[in-house]
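This report refers to the structure that appears directly beneath it.
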Amino acid sequence: MVKTLLFSDALNQLNLPGLKRNLFSSDDWTNIILKTYNAKIFIKYIERSNEVVSYIIYAAVKNFLEWKICILSYSDYCDGYVETLEDWKQFFSSLRAEYPQYRLALRNLRDPLPLQMPEFKRLSQEKFHSLDLRPDLRQIWKNTHDSFKSAVKQSEKSGVRVRRCEKKELRNFYSLHLNVRKVKYKIFPQPYRFFEVIWDEMIAKGKGALLGAYSPQGEFIGGNIYLLCGDTFYYKFNTSSMSALKYRPNNLLFWEGIKYAKALKCASLDLGSSGSEQKGLILFKDHTGAVASEIQHLGFEPPDYKFSQKRILKFMTKAFTLPFIPNSMVRWGSSMIYPYLA
C-alpha cells in the first residue's frame, strides 16, 4: 500500500534508508528548495514489516506555466529509492490517481527500474561526469588531459590565486554568474536568495565551500561552489569573468577543488550534468579525467494533457536577457519567475 506525506513530516516520522546516498535526495538539498522556492515536496513510500523499503521524493507543480509532478524540481537528478519494479508501478498508479491531469517528469541516473516501464518515454539525455578521488593526487593529475595541465600551469604562472571565500564575497560570485547566464546563455540566473540559502544551510555548516579565483591585481575573476554530501564532493556552480578568460581561472579553480576534496577524504567528485549542446563544458569535464555516463530524461503525459505555457517563459526569457536590460532588472525578473520553473 502506497502512503503519502509531506517531506518535512516524513523526516520526523520515518526512517528513510539511503536518504543521503546523494546530494539531491538529501534533507539538506530539499530544505534549500523549500526555503528558497516554497515548493510543495512530498514523499510516497511503501512499508514492509513496518520498515520503509521504497520511496520517491517529488514536487507537485501547478502554476500558470505548467502542471506537472517532478522527481525532483531544481535537482540535477533524483533517483527513487525503490526496491522492486512492482513498487515503481504502484507509485506511478498512485500519482496518476492523485494527479490525473498532470504530466510526470524525472531525471534518472542510477535507478534502472523506470527504464523498464513502458509508460515512461525517453525525452532526452544529458552527459554526467564523475571523478574517482581514491587514487593519490599525483595519479589524478596524471589522468588529466595535457591541455588541462597546461591551463592550470598557465593560470598559476600568470599570478592567479585561489582561496576560500567568506559570505560577503558571494555577491561577487553572483554578479559574474548573472552576467554569464544573461550574456552567454541568454537565460535567467537563479535568484540570489537561492545562493544565500545554500550558504546558510550547507557552506556555513562545513558542508561545502565557495572557492574564488583572483587576478594578479586582486580582482575576483571566477568562483566555484562545491557542496559535500556523504563521501562525495559536488561541483555544483561555476562562473568566471568573460573578460578574464586569458587567466584560465576555471581550470585552476577545478584543480584546487580536487585538492580540497582530497583533504576532506572524499571518494568521488560529482561534476553534474551537461546538456548535449554544451560541447565546451563536456570537453572541459572530459579533460579533468572524469568518467562520463548518461542521465535519462523520462516523462509521461496523459492523453489530454494541455497545461503547458512555455511560450510565455520563452518570451519573458528573451525580454529580460536583451543586451540593454540592466542587470538589476534581470535579478528582479529571476526572483519573480524562477519559483515557477520547478
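The values are calculated or read from the model by the stated rules, or taken from the named source; none is laboratory data. Since we're looking at a predicted model, the values are computed, not measured. Heads up, the Cβs are rebuilt from the backbone with ideal geometry, glycines too, and the neighbour counts pull from every protein chain shown.
Every condition in (1) within 18 Å of A59 (Cβ to Cβ); (2) crowded, with 16+ Cβ neighbours inside 10 Å; (3) touching a residue at least 40 places away in the same chain (Cβ under 8 Å) holds for L133 except the one numbered (1). Of the residues making up segment 306-329, just one is exposed (fewer than 10 other Cβ atoms within 10 Å of the Cβ), at pLDDT 90 or above and under 25 Å from the mean Cα position of the chain (by Cα), namely S328.
Considering Y45, Y58, which residue is more than 18 Å from the chain's Cα centre (by Cα), among the aromatic types (F, W, Y) and modelled with pLDDT of 95 or more? Show your work before the answer.
Values: Y58 fails: more than 18 Å from the chain's Cα centre (by Cα).
Y45 is the lone residue from the list that is more than 18 Å from the chain's Cα centre (by Cα), among the aromatic types (F, W, Y) and modelled with pLDDT of 95 or more.
Tell me yes or no: at least one residue of segment 80-89 is outside any helix (DSSP H, G or I) and out of contact with any Pro (no Cβ under 9 Å at 6 or more places or on another chain). Yes, segment 80-89 contains at least one residue that is outside any helix (DSSP H, G or I) and out of contact with any Pro (no Cβ under 9 Å at 6 or more places or on another chain). Filtering segment 1-19 to residues that are in a loop (DSSP other than H, G, I, E, B), surrounded by 15 or more Cβ atoms within 10 Å (Cβ to Cβ) and within 25 Å of the chain's Cα centre (by Cα) leaves L16, L19. Checked against (1) surrounded by 19 or more Cβ atoms within 10 Å (Cβ to Cβ); (2) within 30 Å of S268 (Cβ to Cβ); (3) touching a residue at least 60 places away in the same chain (Cβ under 8 Å); (4) in the same structural domain as N31 (by TED's automatic domain parsing), Y102 passes all but condition (2).
From the list K153, K121, K68, pick out the single residue that is of a type in the set (K, R) and free of Cβ contacts under 8 Å to residues at least 12 places away in the same chain. Just one listed residue meets the conditions, K153. Scanning segment 1-34 for residues that are at pLDDT below 95 and among the basic types (K, R) yields K20, R21.
Residues in segment 107-120: is at least one of a type in the set (A, V, I, L, M, F, W, C), touching a strand residue (DSSP E or B) at 6+ places or on another chain (Cβ under 7 Å) and within 30 Å of A209 (Cβ to Cβ)?
Of the residues in segment 107-120, the ones of a type in the set (A, V, I, L, M, F, W, C) are 109, 113, 115, 117, 120.
Right, trim to touching a strand residue (DSSP E or B) at 6+ places or on another chain (Cβ under 7 Å) and you get 109, 115, 120.
Applying the additional criterion that residues be within 30 Å of A209 (Cβ to Cβ) yields 109.
Yes - at least one qualifying residue is present in segment 107-120.
Annotation for segment 246-256: no member residue is closer than 17 Å to L137 by Cα, charged (D, E, K, R) and either surrounded by fewer than 17 Cβ atoms within 10 Å (Cβ to Cβ) or at pLDDT below 95 (or both). Of the strands (runs of 3 or more DSSP E) lying entirely inside segment 111-226, those containing at least 2 residues that are charged (D, E, K, R) span 121-132, 161-164. For segment 160-191, filtered to residues that are crowded, with 18+ Cβ neighbours inside 10 Å and aromatic (F, W, Y), the residue that is nearest to Y214 (Cα to Cα) is F173. When each of K259, K285 is tested for being under 26 Å from K168 (Cβ atoms), at pLDDT 95 or above, basic (K, R) and part of a helix (DSSP H, G or I), the lone residue that passes is K259.
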